[in-house]
1. I'm checking a number: the convex hull volume of the Cα atoms of the stretch 1-49, normalised per residue, in Å³. What is it?
2. Once you place label points 7 Å from the Cα toward the Cβ at residue 59 and residue 32, how far apart are they in nm?
C-alpha cells in the first residue's frame, strides 16, 4: 500500500490559464459570452465546419440532439448518435 496519496488527475495549470480565468471573472461573463463565441469560431475554423453549438457538458449536448432525429425513442436516439462523429477540441496557442 502507498504511503503517500496518489491523485487521480493532477491539474496542469500555468500562469496563462490562471490569467485567462481571472480575465473571465473580471469580464462579467461567467457563462456564454464573447470568449464562448471566440471558441466556437476557432473550433469551426479548426474542424472546417459550418455550425457549432457550444455547450457546458456532454449532457447539455445530448439534450440538444433529439431534434436531429425526430420520431426516434431515447434508446434509438442513443444508437443513432453513436454513429455521429464527435469532435472534442482543446486549443493551444
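Values in this text are rule-based calculations from the coordinates and carry no lab data. Please read these numbers as outputs of a predicted model, since none were measured by experiment. Reconstructed Cβ throughout: ideal geometry from the backbone, glycine too, with neighbour counts over all protein chains shown.
1. Working: hull volume 7.1 nm³, N = 49.
Output value, Cα hull per residue: 146 Å³.
2. Between residue 59 and residue 32, the simple spin-label model gives 1.8 nm.
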